[in-house]
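A.B. asks: Just passing along the structure, written as structure tokens.
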Amino acid sequence: MTQPLARLLATGRQLTETGRSQAVQLGNDLVEQGRQATEQISAAVDELVSRGGRDRIEELRQTIRGEVQQQLRTLAAEIKDHLAAQGQLAAERIAAAVDAREVQQRKHEEELREVVRDEVQRQLTTLGLATRDDLVALGRAIRDDRTTPE
């Protein structure tokens, strides 16, 4: 595996781990908030039960159900937003790494072309062969000699 690709994979793994740990922390925080809300609701239930009345108990059940559903919607939205942000960050980092790799690849290709061009020119010169540029220069020199008065 090439080194840039290995770095891309390592960056992706790191972003995944960062996202997981942050999602776990977010989940833990929300669980703690839910626990506190549950304790508050339990206290309210105890108060209502001590007062009696089926209507109040049903009202409390509906309140609890609504609160739990709201907390779950909030948790889902926060996790979704967090994961979307982490995914976007990972995509941007990978795109930047790919772009850098492409630039580096083009640079290497150009250097290789230059080396080959120089070697071909050297060999043509060594063999005494004329290149197109040499022939064009010779043609100009001949034209210049013809037009120059003696």
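The values are calculated or read from the model by the stated rules, or taken from the named source; none is laboratory data. Everything numeric here is computed off the predicted structure, so don't read it as measured data. So basically every Cβ, Gly included, is an ideal-geometry build from the backbone, and we count neighbours across all protein chains shown.
A.B. asks: Kindly evaluate Arg65 against the criterion of being farther than 28 Å from Ala10 by Cβ, among the charged types (D, E, K, R) and either within 47 Å of the chain's Cα centre (by Cα) or at pLDDT 90 or above (or both).
C.D. replies: Values: farther than 28 Å from Ala10 by Cβ: yes; among the charged types (D, E, K, R): yes; either within 47 Å of the chain's Cα centre (by Cα) or at pLDDT 90 or above (or both): yes.
So Arg65 passes the test.
A.B. asks: Say whether the condition of being farther than 30 Å from Gln33 by Cα, at pLDDT below 90 and β-branched (Val, Ile, Thr) is met by at least one residue in the stretch 78-87. Working first, answer last.
C.D. replies: Taking the stretch 78-87 as the starting set, the residues that turn out to be farther than 30 Å from Gln33 by Cα are none.
No - not one qualifying residue is present in the stretch 78-87.
A.B. asks: Looking at Leu129 and the list (1) among the hydrophobic types (A, V, I, L, M, F, W, C); (2) surrounded by 10 or more Cβ atoms within 10 Å (Cβ to Cβ); (3) not in a helix (DSSP H, G or I), which single condition is not satisfied?
C.D. replies: Of (1) among the hydrophobic types (A, V, I, L, M, F, W, C); (2) surrounded by 10 or more Cβ atoms within 10 Å (Cβ to Cβ); (3) not in a helix (DSSP H, G or I), only one is false for Leu129: (2).
A.B. asks: Is it true that some residue in the stretch 77-87 is loosely packed, with under 11 Cβ neighbours inside 10 Å and over 20 Å from the mean Cα position of the chain (by Cα)?
C.D. replies: For the stretch 77-87, residues loosely packed, with under 11 Cβ neighbours inside 10 Å and over 20 Å from the mean Cα position of the chain (by Cα): present.
A.B. asks: Select from the stretch 26-41 the residues that are within 30 Å of the chain's Cα centre (by Cα) and closer than 11 Å to Gln71 by Cα and write down the one among them that is surrounded by the fewest Cβ atoms within 10 Å (Cβ to Cβ). Give the derivation first.
C.D. replies: We begin by selecting, within the stretch 26-41, every residue within 30 Å of the chain's Cα centre (by Cα); these are 26-31.
Filter once more, keeping what is closer than 11 Å to Gln71 by Cα: 30-31.
Working: Leu30: 17, Val31: 12.
Filtering the stretch 26-41 for residues that are within 30 Å of the chain's Cα centre (by Cα) and closer than 11 Å to Gln71 by Cα, the one surrounded by the fewest Cβ atoms within 10 Å (Cβ to Cβ) comes out as Val31.
For every residue, the table says whether it meets (1) of a type in the set (A, V, I, L, M, F, W, C); (2) within 29 Å of Val24 (Cα to Cα); (3) part of a helix (DSSP H, G or I).
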| position | (1), (2), (3) |
| --- | --- |
| Ile41 | yes, yes, yes |
| Val45 | yes, no, yes |
| Glu59 | no, no, yes |
| Leu83 | yes, yes, yes |
| Gln86 | no, yes, yes |
| Val116 | yes, no, yes |
